[in-house]
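Peer 1: The structure that follows is given in the form of structure tokens.
The values are calculated or read from the model by the stated rules, or taken from the named source; none is laboratory data. Since the model is a prediction, treat every value here as computed from it, not as a measurement. FYI the Cβ positions are ideal-geometry reconstructions off the backbone, even for glycines, and counts take in every protein chain you see. Ligands, DNA and RNA are stripped out before the accessible areas are found, and what is left, the full protein with its side chains, is counted by its heavy atoms. Shrake-Rupley method; radii C 1.70, N 1.55, O 1.52, S 1.80 Å.
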Amino acid sequence: MLIKTFGGAVQGVDATLITVEVSVSKGIKFFLVGLPDKAVQEAEIRIDTALRNTQYKRPGKKIVINMAPADLKKEGAAYDLPIAIGVLGASEQINNEYLDQYIMMGELSLDGTLQPIKGALPIAILAREKGFKGILLPKHNAMEAAIVGDINVFGFNNINEVIEFTNDPSKFSPTKINTRDQFFDSIDNPDFDFSDVKGQENIKRAMEIAAAGGHNLILIGPPGAGKTMLAKRFSSILPPMTLHEALETTKIHSVAGKLKGDIGLVAQRPFRSPHHTISDVALIGGGTNPQPGEVSMAHNGVLFLDELPEFKRTALEVLRQPLEDRYVSISRAKFTVEYPASLMLIASMNPCPCGYYNHPEKDCICPGGAVQKYLNKISGPLLDRIDLHVEVTPVSFDELADIEPAEKSTKIRSRVLKAREIQNERFKAHKTVHSNAQMTSQQLKNSCILSEQCKNLLKNAMNKLDLSARAYNRILKVARTIADLDSDDNIQTNHIAEAIQYRSLDRDGWAG
């Protein structure tokens, strides 16, 4: 007898329909075809044991399983459930009437328990697009899949429950969540607030500009100056995620298998802070079976790289493409996958190996040329992609002892939101551009018209600092954001001057 069940293969952040064809006939062999990897091939052992431990059995006949399309590699143990149900259906141990109405995925334990899978959200989206009545998943994945509307999502603890469902689906109720309600309920107060930071008003100003325009930022200063403390509070002044951004972010975390069972939607902007020993693949994504890396996990949020020069040079260089294009493209011999990577980069570093170059009180003990050599660990092209370079100096005792509370994040965020509203109006005709940092060359020309005074000021700065063409564009974008914070339609000389001072770490303008 021939039975078909359905599953989904995740590639990138999308899923492809997989048809599992099971034929049971005379004979005693087991065949599994359709480019299965080792984990899929081992399904025979897991399924055989699981069925025996749940009062069912694998038929002692010839079993042929084809996973179509046959030219797409099938990876992972999540195909255990559609294969097992197909075998039971083809051997007439369960009711076959409803099998073609549902997509099903799940890894089987030897006792029949269903283990969580990766990519439940894109598979649920696939089920809706293909017109299936519902999707059958492990209980752990039901909440994330239920984000998708207009489709029934059923979560099960073990294969016995799935078998009972196939016999009579009316006994079970689908998992339902109100995506919008869960989204708004999940937006809460951040754990960190700028009111905890004493002094550092110039750094807070730079971070406000970065948040308002979506700009990348690097903090450079001695140990203990507060770089990490400031970076951890940066998310508290960013605009709240939109529902669309939350769905995009959740999709990536679903593919990576990073969602918790009780959380359906990622409503907070991600803040990823990988250690400097991270590998290139872990940072950018990839592997034999490509998975999203830290840059994609930070999509719509913040990637914080502490002690930037300590990261491997190769790891830093792979950042250049996603910072510019806002996506990661991973190519393999037979396919290419893309992961979104629209993030804000916040980096920090010491000014020199000893950490005290330009310190107001302590002397730098580094030998001649060590400061420039240390800075050279970060390539010029990467620095060009960081819009704001900010020097952090230690806070004085008087500022630390000041009992007056500092400005709260909510007040800073209100100014950021006002500037973002101006940008939303400016770019309302462009679906892919949402902030000044994302402006194209043509949009830059249209939105950053300079007076002769501004042109002369910028020309002098370009010549003295030996800035690149990319740095020129970055200055214009930052100046446009500063003007937006001032609610000014035109860029003024003071906006250009402030934007120029944030290029202080360029090659010939800092440690030379």
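Peer 1: I'd like the trypsin sites (Lys or Arg not before Pro) in the range 305-375 restricted to DSSP loop residues with at most 16 other Cβ atoms within 10 Å, sorted by number.
Peer 2: Here the sparse-neighbourhood loop sites are Lys312, Arg326, Arg332, Lys334, Lys362.
Peer 1: Which percent of Cα pairs goes in each bin when the distances of the range 361-486 are cut into 5 angstrom slices starting at zero?
Peer 2: Bin by bin from 0 Å, the calculated values are 2, 7, 13, 15, 15, 14, 13, 11, 7, 2, 0.
Peer 1: Compute the angle between helix 80-90 and the longest alpha-carbon principal axis of the chain, please, reported from 0 to 90 degrees and rounded to the nearest 10.
Peer 2: 20 degrees
Peer 1: In terms of the Cα gyration tensor, with a ≥ b ≥ c the square roots of its eigenvalues, is the range 44-158 rounded because a/c is under 1.5, prolate because a/b exceeds b/c, or oblate?
Peer 2: Prolate shape, in that a/c is at least 1.5 and a/b is the bigger ratio.
Peer 1: Something else now. What relative contact order, as a whole-number percentage, does the range 95-239 give when Cα pairs under 8 Å and 6 or more residues apart are counted?
Peer 2: Reported relative contact order: 17 percent.
Peer 1: Would you be so kind as to identify which of Phe234, Thr249, Cys354 lies farthest towards the positive end of the dipole of the chain, taking Lys and Arg as +1 and Asp and Glu as -1 on Cβ and the Cα centre as origin?
Peer 2: My answer, from the dipole projection, is Thr249.
Peer 1: Using +1 on the beta carbon of Lys and Arg, -1 on that of Asp and Glu, and nothing else charged, what's the dipole of the chain about the Cα centre, debye to 20?
Peer 2: That gives a dipole near 1260 debye.
Peer 1: Full extension from Asp71 to Arg128: what is 0.36 nm times the residue separation minus their Cα-Cα distance, to one decimal in nm?
Peer 2: Additional length available on full extension: 18.1 nm.
Peer 1: Can you tell me, using C-alpha contacts under 8 Å and at least 6 residues apart, the relative contact order of the range 373-512 as a whole percent?
Peer 2: 35 percent
Peer 1: Additional query: Antiparallel DSSP bridges in the chain: what percent, to the nearest 5?
Peer 2: In the chain, DSSP labels about 50 percent of beta bridges as antiparallel.
Peer 1: Further, regarding this structure: Ranked highest first by average number of other Cβ atoms within 10 Å, how do 345-352, 454-461, 284-291 line up?
Peer 2: Going by the mean number of other Cβ atoms within 10 Å, highest first, we get 345-352, 284-291, 454-461.
Peer 1: Just need the Rg to Rh number for the chain, please, alpha carbons only, Kirkwood Rh.
Peer 2: 1.07
Peer 1: OK, next. Over the chain, what percent of the accessible surface lies on carbon and sulfur atoms, probe 1.4 Å?
Peer 2: Taking all protein chains in place, the chain shows 49 percent carbon and sulfur surface.
Peer 1: Looking at the range 269-400, what % of its DSSP beta bridges pair antiparallel, to the nearest 5?
Peer 2: 55 percent
Peer 1: In sequence order, what are the phi-derived ³J(HN,Hα) couplings for the range 365-382 according to the Karplus relation 6.51 cos²θ - 1.76 cosθ + 1.60 with θ = phi - 60°, rounded to whole Hz, with x for glycine and proline?
Peer 2: Calculated HN-Hα couplings, in order: 9, 6, x, x, x, 5, 5, 5, 5, 5, 5, 5, 5, 9, 5, x, x, 6 Hz.
Peer 1: Right, another one. Determine the alpha carbon to alpha carbon distance for each of Lys198/Lys258; Lys130/Lys251; Lys227/Lys312; Lys232/Lys258; Lys431/Lys477 and list only those over 27 Å.
Peer 2: In this structure, Lys198/Lys258 exceed 27 Å between Cα atoms.
Peer 1: How far apart, in nm, are the 7 Å Cα→Cβ label points at Ser396 and Asp111?
Peer 2: 6.6 nm
Peer 1: Determine the relative contact order of the chain: mean sequence separation of Cα pairs under 8 Å and six or more apart, normalised by residue count, in whole percent.
Peer 2: 13 percent
Peer 1: When a/c is below 1.5 the answer is rounded, else prolate if a/b is larger than b/c, else oblate, so apply that to the range 119-229 with a ≥ b ≥ c taken from the square roots of the Cα gyration tensor eigenvalues.
Peer 2: Prolate shape, in that a/c is at least 1.5 and a/b is the bigger ratio.
Peer 1: For the range 1-76, with every protein chain kept in place, what is the accessible area per residue (1.4 Å probe, Å²)?
Peer 2: Here the per-residue accessible area is 51 Å².
Peer 1: Expressed in nm², what is the orientationally averaged projection area of the convex hull enclosing the Cα positions of the range 193-265?
Peer 2: Its average projected convex-hull area is 6.7 nm².
Peer 1: Would you list Glu317, Glu208 from the most to the least accessible area, probe 1.4 Å?
Peer 2: Heavy-atom accessible area, descending, gives Glu317, Glu208.
Peer 1: Output wanted: per-residue J couplings in Hz (rounded whole) for the range 424-433, from phi through Karplus 6.51 cos²θ - 1.76 cosθ + 1.60, θ = phi - 60°, x for Gly and Pro.
Peer 2: Going residue by residue, I get 4, 5, 5, 10, 4, 8, 10, 5, 9, 10 Hz, with x marking Gly and Pro.
Peer 1: Taking the alpha-carbon distance from Lys38 and a cut-off under 13 Å, which aspartates and glutamates remain once sequence neighbours fewer than 8 residues away in the same chain are dropped?
Peer 2: Glu75, Asp80
Peer 1: Whole number in Å², please: accessible area per residue of the range 312-454, 1.4 Å probe, ligands, DNA and RNA not counted.
Peer 2: It amounts to 55 Å² per residue over the range 312-454.
Peer 1: Something else about it: Which GluC sites (Glu not before Pro) in the range 10-72 sit in a loop by DSSP (not H, G, I, E or B) and have at most 13 other Cβ atoms within 10 Å of their own Cβ?
Peer 2: Taking the range 10-72 and a limit of 13 other Cβ atoms within 10 Å, no loop GluC sites (Glu not before Pro) are found.
Peer 1: Relative to the longest principal Cα axis of the chain, at what angle does helix 469-485 sit, 0 to 90 degrees, rounded to 10?
Peer 2: 90 degrees
Peer 1: Starting from 0.36 nm per residue, how many nanometres of slack lie between Asn95 and Gln41 once their C-alpha separation is accounted for?
Peer 2: The span from Asn95 to Gln41 would gain 16.9 nm if fully extended.
Peer 1: Still on this structure, please answer the following. Could you name the aspartates and glutamates in cross-link range of Lys459, using Cα to Cα under 20 Å and dropping any fewer than eight places away on the same chain?
Peer 2: Candidates past the 8-residue exclusion: Asp384, Asp387, Glu498, Asp506, Asp508.
Peer 1: Go ahead and estimate [θ] at 222 nm for the chain from helices alone: -39,500 (n - 2.57) per DSSP H run with n ≥ 4, summed, over the residue count, rounded to 500.
Peer 2: That calculation yields -10000 deg cm²/dmol at 222 nm.
Peer 1: How much area per residue is accessible in the range 193-234 when the probe is 1.4 Å and only protein heavy atoms are counted (Å²)?
Peer 2: 24 Å²
Peer 1: Also, I was wondering about something else. For the range 327-426, rounded, prolate or oblate, judged on the Cα gyration tensor with a ≥ b ≥ c (square roots of eigenvalues), a/c < 1.5 rounded, else prolate if a/b > b/c?
Peer 2: Taking the square roots of the gyration eigenvalues as a ≥ b ≥ c, the range 327-426 is oblate.
Peer 1: Quote to one decimal, in nm, the extra length available between Glu421 and Asn202 on full extension: 0.36 nm per residue of separation minus the C-alpha distance between them.
Peer 2: My answer for the length gained is 76.5 nm.
Peer 1: Right, something else. Report, in degrees rounded to the nearest 10, the 0 to 90 angle that the Cα long axis of helix 243-255 makes with the longest principal axis of the chain.
Peer 2: Its long axis makes an angle of about 60 degrees.
Peer 1: Over all directions, how big on average is the projection of the convex hull of the alpha-carbon atoms in the range 428-512, in square nanometres?
Peer 2: Mean orientational projected area (the range 428-512, Cα hull): 5.7 nm².
Peer 1: Now for a different question. Please report, in debye to the nearest 20, how large the charge dipole of the range 273-416 is about its Cα centre when each Lys and Arg carries +1 at its beta carbon and each Asp and Glu carries -1 there.
Peer 2: About 700 debye.
Peer 1: To continue, here is another question. Straight-line reach from Lys408: which aspartates and glutamates fall under 17 Å, measuring Cα to Cα and dropping same-chain residues less than 8 apart?
Peer 2: Asp188, Asp191, Asp193, Asp196, Glu201, Glu208, Glu399
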